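The values are calculated or read from the model by the stated rules, or taken from the named source; none is laboratory data. Bear in mind that the values here come from a model prediction, so they are computed numbers and not experimental data. Don't worry about glycine lacking a Cβ; one is built from the backbone with ideal geometry, like all the others, and counts go over all protein chains shown. Note: areas computed on protein heavy atoms with side chains; ligands, DNA, RNA excluded. Shrake-Rupley method; radii C 1.70, N 1.55, O 1.52, S 1.80 Å.
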Amino acid sequence: MTQNIVKVAVIGFGYWGPNMVRNFNAQKTGEVLYVADFREERLRVAEQLYPAIKTTKSPDQAILDVEVDAVVIATPVFTHFELAKKALEAGKHVLLEKPMVTTSEEAEILINLAEQKQRILMVDHTFLYTGAVQSIKRLVDSGMIGKLQYIDSTRINLGLFQPDVNVLWDLAPHDISILNHLTDEKPYSVQATGVSHTNNGIENIAYLTMNYESNIIAHFNCSWTSPVKIRKFLIGGDQKMIVFDDTEPTEKVRIYDTSYHYTEKRSDEEKRRVLVDYRVGDIQIPKIPMIEALSGVAADFIAAILYQKQPLSDYVSGINVIKVLEASQLSIKNGGKEVKVSYW
């Protein structure tokens, strides 16, 4: 590290890599030294945009360069483990695109290696750094919405079909990481169903339900085959409810002063009737800072390296998302059977 500047190598310059390069280069204490990609045409794009950055088709060249302090991996998930393992063994700090890796066993190996080498291992759960989620976290922690009762998320669009992971592994990490961030309680079990409409057996539509000891229930709807793009997250408390719509350009979060009250009666006849009082009040739209979340990811990773602190989206967040995804996959393959979840 030179004069508190963290020098970074970005592996992968496809869909997400260019965003990583742009945001790390924009940090006062960060500098992208290398871009690695096996595709010549992507390297030419990188060279045109960033003439000062070294490019290479060899990830090893970037990872093993003594000037590189940290490696950012934005490649398909099946390549994450080997690349991250090589980088950690070389003494580099590592930031992995979500999902972290393909199995919890791989995640545990990387975590142990990072601890042995005393290096930062972080996962890019980008939504944790959005102004919207940070605002929702404050609202939930303050008790404004009351006791958390349910989460209902819809994350659907047309494409992009992934060749190596199903739609839950592709889209659900966002919602699982948000949910784990909003509450310290973790689901004790999951149930999932899904279907593949292609000949590769990879589910392109899936539904995931997460069960909690406190009677919270969370349900996620994920699809690559929707005619419209929907990114909507509903959070229900017993006092108020929140709607987070990420497709809204400005008014992403709305707080509904809406609730219901169940009146429990004593007689047998009254018990057979459900008596519910409803309250519908005002709608609040809090001002959300319009900041690029990935800038926050880059800043947090660099600060963790410079000041030896754990980032918000650390390896515990990463492996616990993997644990839920593994249990979900097992449930899908067993016809929606309930599967218990163990955590790091």
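For region 125-203, build the convex hull from the C-alpha positions and give me its volume per residue in Å³.
Working: hull volume 9.6 nm³, N = 79.
Given the Cα convex hull of region 125-203, per-residue volume reads 121 Å³.
Taking 7 Å along the Cα-to-C-beta vector as the label spot, tell me the residue 193-residue 109 distance in nanometres, rounded to one decimal.
3.6 nm
Among 4, 339, 211, whose Cα projects farthest towards the positive end of the dipole of the chain, with charges put on the beta-carbon of Lys, Arg (+1) and Asp, Glu (-1)?
211
What value in Å³ per residue do you get for the convex hull of the alpha-carbon atoms in the chain? Numbers along the way, then the final one.
Working: hull volume 55.4 nm³, N = 344.
Given the Cα convex hull of the chain, per-residue volume reads 161 Å³.
Report, in listed order, any pair from 232/287; 137/309; 98/232; 86/137; 229/333 with a Cα-Cα distance greater than 29 Å.
Over 29 Å apart, Cα to Cα: 86/137.
At residue 338 and residue 254, where each label point lies 7 Å from the Cα along Cα→Cβ, what is the point-to-point distance in nanometres?
Taking the two extended label points, one gets 3.5 nm.
May I ask you to work out the translational diffusion coefficient for region 62-117 at 20 °C, viscosity 1.002 mPa s, via Stokes-Einstein with Rh from the Kirkwood sum over Cα pairs, reported in whole µm²/s?
Details: Rh = 11.2 Å.
The Stokes-Einstein estimate is 192 µm²/s.
Give me the one-decimal Kirkwood hydrodynamic radius in Å for region 78-209, with the sum taken over alpha-carbon pairs.
On the way: mean 1/r = 0.0589 Å⁻¹.
The Cα-based Kirkwood calculation yields 17.0 Å.
Assigning unit charges at the beta carbon (Lys, Arg +1; Asp, Glu -1) and nothing else, what dipole magnitude in debye, to the nearest 20, does region 38-165 show about its Cα centre? Walk me through the numbers on the way to the answer.
Details: 15 positive and 18 negative charges, 81 e Å.
My answer is approximately 380 debye.
On full extension of the chain, what length is gained from residue 45 through residue 213, given 0.36 nm per residue of separation minus the C-alpha to C-alpha distance?
Details: separation 168, 0.36 × 168 = 60.48 nm, distance 5.05 nm.
Answer, rounded to one decimal: 55.4 nm.
For the pair residue 228 and residue 58, what calculated FRET efficiency results from E = 1/(1 + (r/R0)^6), where r is the Cβ-Cβ distance and R0 = 35 Å, to the nearest 0.05? Walk me through the intermediate numbers first.
Numbers: r = 41 Å, r/R0 = 1.19.
Between residue 58 and residue 228 the formula returns 0.25.
Test of understanding: express the Cα radius of gyration of region 187-252 as a ratio to 2.2 N^0.38 Å, with N the residue count. Don't skip to the answer; put the middle values down first.
Details: Rg = 14.9 Å, N = 66, 2.2 N^0.38 = 10.8 Å.
That works out to 1.38 for region 187-252.
Measuring from centroid to centroid over Cα atoms, what is the spacing of region 59-92 and region 120-172 in Å?
26 Å
So how exposed is residue 161, as accessible area in Å² (1.4 Å probe, rounded to 10)?
Counting only protein heavy atoms, the figure is 90 Å².
Once you put a point 7 Å from the Cα of residue 29 and another 7 Å from the Cα of residue 78, both along the Cβ direction, what distance in nm separates them?
A separation of 3.8 nm, rounded to one decimal place.
Dipole of the chain (Lys/Arg Cβ +1, Asp/Glu Cβ -1, origin at the Cα centre): which of 167, 70, 327 lies farthest to the positive side?
With unit charges placed on the Cβ atoms, the residue in question is 167.
From the alpha carbon gyration tensor of region 1-112, can you work out the equivalent ellipsoid semi-axes (sqrt of 5 times each eigenvalue) and give them in Å, largest to smallest? If you can, show how the numbers build up before the last one.
Details: eigenvalues 92, 54, 29 Å².
For region 1-112, the ellipsoid semi-axes come out as 21, 16, 12 Å.
Report, in degrees rounded to the nearest 10, the 0 to 90 angle that the Cα long axis of helix 104-117 makes with the longest principal axis of the chain.
Between the helix axis and the principal axis of the chain, the angle is about 50 degrees.
For a quick protection proxy, order the peptides 138-151, 86-99 by their average other-Cβ count within 10 Å, most packed first.
86-99, 138-151
State the extension gain, in nm to one decimal, for the chain segment bounded by residue 279 and residue 310, taking 0.36 nm per residue of separation less the distance between their alpha-carbons.
Details: separation 31, 0.36 × 31 = 11.16 nm, distance 4.24 nm.
Going from the current span to full extension adds 6.9 nm.
Leaving out ligands and nucleic acids, note down the accessible area per residue over the chain with a 1.4 angstrom probe, in whole Å².
On the way: 16330 Å² over 344 residues.
Value returned for the chain: 47 Å² of accessible area per residue.
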